[in-house]
Amino acid sequence: MATVLPHEGVESAPVAPVETPWRRFAADFLESPLAVAGLVVLLLIVGIALVAPFISPQNPYDLNQLDIMDGNLPPGAKSAPGYIYWLGSDDQGRDMLSGIFYGLRISLGVGVSSAVLALAIGLTVGLFAAYAGGKVEGFLMRVVDIQLSFPAILVALILLAVLGEGTWKVIAALVTVQWAYYARTVRGTALVERRKEYIEAALCLGLSHRRVMFRHLLPNCLPPLIVVATVQVAHAIALEATLSFLGIGLPITSPSLGLLIANGFEYLLSGKYWISFFPGVALLVTIVSINLVGDQLRDVLNPRLQK
Amino acid sequence: MNRMSWRVLAGAFAAAMISIANPFAIGPAGAQDLTIGLGANVTSIDPHFHNLSPNSNVATHIFDKLIDQDEQQKLVPGLATEWKSLDDTTWEFKLRRGVKFHDGSDFTADDVVATLKRVPWVPNSPSSFRIYTQAITAHEIVDPFTIRFKTAAPYPLLPTDLSTVFIVSKKNEQAPTGDFNNGKAAIGTGPFKFVEYVPGDRIVVTRNDAYWGKKPEWAKATLKLITNNSARVAALLAGDVQLIEAVPATDYAKLKTNANVALSQIVGNRVIYLHVDSYRDQTPFATDKAGAVLPNNPLKDARVRKALSKAINRPAISERIMEGLAIPAGGVLAEGFFGSSPKLKPEAYDPEGARKLLTEAGYPNGFGLTIHGPNDRYPNDEKVLQAVGPMFNRIGIDTKVVTQPWATFASQGSAPNYAYSLMLVGWGAGTGEVSSPLRSLLMTVGPGRGGSNRGRYSNAKVDELTNQALATVDDAKRDKLLQEATEVAMADVGLIPLHYQINVWGTRKGLTYKPRADEYTLAMSVSRSN
Amino acid sequence: MTVFIIRRLMQTAIVLVVMSMIVFVGVFAIGDPTAILISADSDMIERERAIAALGLDKPLWEQYLYFVGGAFRGDLGKSFVFNMPALQLILQRLPATLELAFAALVIAIFVGVPLGMYAGYRPESPVSKAIMAGSILGFSLPTFWVGLMMIMVFAVQLGWLPSTGRGHTATVFGVTTSLVTPDGLAHVLLPAVNLALLKLSLVCRLARAGMRENMLMDYVKFARAKGLTARRVVMVHVFKNILIPLVTVTGLELGNLIAFSVVTETVFAWPGMGKLIIDSINNLDRPVIVAYLLVTVSMFVFINLAVDILYSVLDPRVRLSEAKG
């Protein structure tokens, strides 16, 4: 069945009495149990990340709460203050469960904020290019093409070599790597939308270009953007973890999941698997759930693909 | 995968496979061949290009020095059979006879002179060996096997300095670094001959059958550069290499119980310590609890520095973070090295006493402090610093920990930037005696002095005693002066020592490595057990 | 076509100039390489000598102009650390990286395409669903993590394969490679599979999508109606049509593989360019960073250009002048 996008004018569907585009979209999405599972897990993870400080047994970054005498304890061991390290502790006596909760917060935070920033930039550039056309468009799209022809990791690597270390620098590098994807997607969709009658109508009504661009053109470019954004958040999280692993990502003061894994890397061979194993699982589950959701969104929002 | 199934699976397969797989793993390397996993990158085969310990480690295989350092860094005859000071500023060296370079030419005093000329000449050197030869103002060849050196002032460290300088053939006095890397000029008198150098990957050498000293047991040695700790351990476990250096603390306990591996260890010449800014009136990272920089630098007060030292639980760091691969330090070089004082014991862990000292100094509620350190330089550097943070917190000092790659840390924390207030650094005494850390870390910054004194500590008494020691040729007197200077500096907490590192090597079973205090990993020191 | 190529090369030149400037200023701002390279025993005099020896005492713009002058003669400067021409250092490492990327690409294609085609041919079968779920896992798994697990299992626990480094090399048709010796193959297997995983998933999904789109096309129905076997239709006709997007993507992915080998090379201590660049970043070895950048960027431009040309040959509907923009 073809998925119908909101602007295409919904043909009257026979089943539901109040069929809205969103309901239809939700129904399509819920068709895949895998995607639903992904969504549930993802919501859970986001929930954990949001309330991490309230549900963690320990604030893993309050130096007063750490005691190295509690270091490297296996899962299930009891700490000196009396609570149990369900997932073990790292070399500093940091509870891994709390560490993962906080790590999720940082990884998701970095991933989402870089994706949002990149989206904002990419959207503006893409819309502007599509709307302006001509030489401006040619130039902007050339920049996008050139940027996209280089692998993300190479660009991030060089940028971080040049910028140095720091949370904001990592975000800046991730934004630089991502914005072009959004710009290209927006511009592609906008070009198609621009030729449609409702835009011409809006222009004929004498609405300002700005208004047409942001109030009319933009909402209709959203579906493909959502798909790109989901995938990009997963990419950003994975890339950040990789950069942190290589030692040129986040500083130790903001320990993302990637950093936790890197930290436990050296303990793996000595049998203290829990230090990097559990953060690795958390990272994997996060990325997989985002990808599952993104995958289904692509199928649902892409009218070309038939189920 | 849960823990149980992982263990069961791994255990079962390991038991079944190791006996079958290992002969294949060692296969290509025969009984006469040795493969070593080195932990730090080598930047050149030219022994005079870069004053860097991994380079000298490799060069030791191919080249000889006038004077060698043994496992404990005591001076022993090398290409010079004996040396003595004729007067306060003249030294005479007798050279070994009958030594041949790898190309068959004879070794004479001319080669020594050529080496002295080449050392300061090497183009583009990022760190030259000139600092070890500059004391020599003139030389005189008495006969082909006797040479005399003149120094401008009494300089007892000349033999020590020369024990770091590799002798090259006079033919290669003007040879560029590239000629050493491709082997054309890599001609020494050492126990091994150069075969191949692949930058960043490996160095291959073969036995020099005409070597003047004890011939190595191995016909061929391959030095593989495996800088990643886990990869290096994995290579040993898999049998790809037969010896690795710098066994990481994290794998130490595991390897100790592994039946296929033998470990050897020794207390090294490196101290890990905290450098404290005791120079500035206002130091950038000592703040009040709200984060405003304090008008007076609390770290200038020796009582505050003492309090910080008392706050540190050294045994806990050595046992937990370093997993037993460190011993708590009270000085700048471990006991047993020349000039180290047996009186200097590590400061006991005493948070109560620390609080009392802080109150005395006028900080009953403590203050705020950010401490800096590298995260890729010393074993567990980042973790040690992270562990120090909570300890300072416990005596009321709100501590933030910042770690950076050495590249950033070193250029910010050193002269002329001196950007930090308290920082973790390490110091390996290349000379194997105490004047090295005293001169570089604790003497007032000035020409030839205090080169790595990142806290800019200055104490006239320490300067005086050390200068006196550096001008005393008599060993017993110098030993005493060095001990005294260190004791003065430590009583004043010129820096806060944490621990001395223990160097560990891992070999496949059946081989033994004679451990070295200078962290060198030499194919000559590997032998078959029994 | 010629105009197209000239335009591309001009753009590349601009990119190279901009990037080299950014790196020059950036590395200069981060720190002073002599602070890392110099022996701790050294005093101020020695430090100043070293700064002058590396040419770092001159103003930054002068250093840059000097570099540009050298670059036009094909000299990208000497590594601060190795005192060897930076270009030579990189070219020495290039074969190892290319070899790894090539091996990974081969694995990705020869495993990914059949899996993807099957998943597209029978989209509802449980095996296909498993393949698709696996492919999501494949590009969600962090490369470094998988690499580590592989070393743990295959090298340490099982002892089947060597854990690190590159094996023996041999020269075949003037190319020195480790892909032709048994020892070399044993060494390359783990890192190549590790590097291939991500691309394998991608190739698999592309092949599946192509398969699904093509199976609905009229020519397939027509061929089936003509009485051709399903096997022949898929293997010959559909396969040919899937090939076009695959060629483009794999071409572009080769560049990606080369860049991503940074991670794999770090984990497996593979002596390629990736390891070199990480070391150089840590040492602030600017000449090598700049040279690496110039070499890889030129390589990508070349690969992209080759893919574009190949694409236009394979699919006559595509004309290269389009890209003028």
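Brief remarks follow.
- The ellipsoid equivalent to the alpha-carbon distribution of chain B has semi-axes of 40, 33, 19 angstrom, derived from the gyration tensor eigenvalues as √(5λ) and listed largest first.
- Residue-averaged beta-carbon neighbours from other chains (10 angstrom radius) around A:145-156: 6
- Gyration tensor analysis over the Cα atoms of region C:27-96 returns equivalent ellipsoid semi-axes of 24, 17, 10 Å (largest first, whole Å).
- Residues with amide H under 5 Å from that of B:Ser105, placed H, sequence gap 5 or more: none
- Working from the Cα coordinates of region B:348-457, the gyration tensor eigenvalues give, after taking √(5λ), semi-axes of 26, 18, 14 Å in decreasing order.
- Charge context of A:Thr230, other residues only, Cβ under 14 angstrom, K/R +1, D/E -1: -1
- Backbone N under 20 Å from the B:Lys184 label point (7 Å along Cα→Cβ), restricted to region B:97-141: B:102-105, B:115, B:118-119, B:121-125
- Those residues of region B:413-442 whose amide nitrogen sits under 14 Å from the label point placed on B:Gln282, 7 Å along Cα→Cβ: none
- Gyration tensor (alpha-carbon) shape descriptor, the protein assembly as shown, a/c threshold 1.5: prolate
- Per-residue average of Cβ from other chains inside 10 Å of B:205-212: 0
- Distance between modelled label sites at C:Val68 and C:Thr176, nm, 7 Å Cα→Cβ extension: 3.6 nm
- D (Stokes-Einstein, µm²/s), Kirkwood Cα radius, region A:42-305, 1.567 mPa s at 4 °C: 64 µm²/s
- The residues B:Trp406, C:Trp270, when put in order of fewest to most other Cβ atoms within 10 Å, stand as B:Trp406, C:Trp270.
- 222 nm mean residue ellipticity, helices alone, for chain A (DSSP H n ≥ 4; -39,500 (n - 2.57); rounded to 500): -22000 deg cm²/dmol
- Taking every residue in C:132-143 and counting other chain Cβ atoms within 10 Å of its Cβ, the average works out to 5.
- Listed peptides B:303-316, B:213-226 by packing density, highest first (mean Cβ within 10 Å): B:303-316, B:213-226
- Taking 16 Å as the straight-line reach from the Cα of B:Lys289, the lysines in range (excluding those fewer than 8 positions away in the same chain) are B:Lys400.
- Between region B:57-121 and region B:270-291, the alpha-carbon centres lie 44 Å apart.
- Region B:432-505: C-alpha gyration tensor shape, a/c 1.5 cut-off, then a/b vs b/c: oblate
- For region B:84-217, the spread of Cα positions along each principal axis, largest first, Å: 46, 34, 24
- Sites C:Met10 and B:Trp121, calculated FRET efficiency, Cβ-Cβ separation with R0 56 Å, nearest 0.05: 0.80
- Rounded to whole Å, the principal axis extents of the Cα atoms in region B:156-203 read 39, 24, 19, largest first.
- Hydrodynamic radius of region B:206-321 per Kirkwood, over alpha carbon pairs, in Å: 19.4 Å
- With the convex hull drawn over the C-alpha atoms of region B:467-525, the volume per residue is 141 Å³.
- For chain C, the alpha carbon convex hull comes to 189 Å³ per residue, rounded to a whole number.
- Förster-model FRET efficiency, 41 Å R0, B:Lys509 and A:Val281, C-beta, rounded to 0.05: 0.70
- Normalised by 2.2 N^0.38 Å, where N counts its residues, the alpha-carbon radius of gyration of region B:269-501 equals 0.95.
- Sorting C:137-143, C:272-278, A:45-51, B:181-187 by their mean Cβ neighbour count within 10 Å, with the most densely packed peptide first, gives C:272-278, C:137-143, B:181-187, A:45-51.
- Vicinal HN-Hα couplings computed from phi for region C:203-214 (Karplus, 6.51 cos²θ - 1.76 cosθ + 1.60; Hz; Gly/Pro x): 4, 4, 5, 5, 4, 5, 4, x, 4, 5, 5, 6
Each value in this text was obtained by applying a stated rule to the coordinates, not by laboratory testing. These numbers were taken from a predicted model, which means no experiment stands behind them. So basically every Cβ, Gly included, is an ideal-geometry build from the backbone, and we count neighbours across all protein chains shown.
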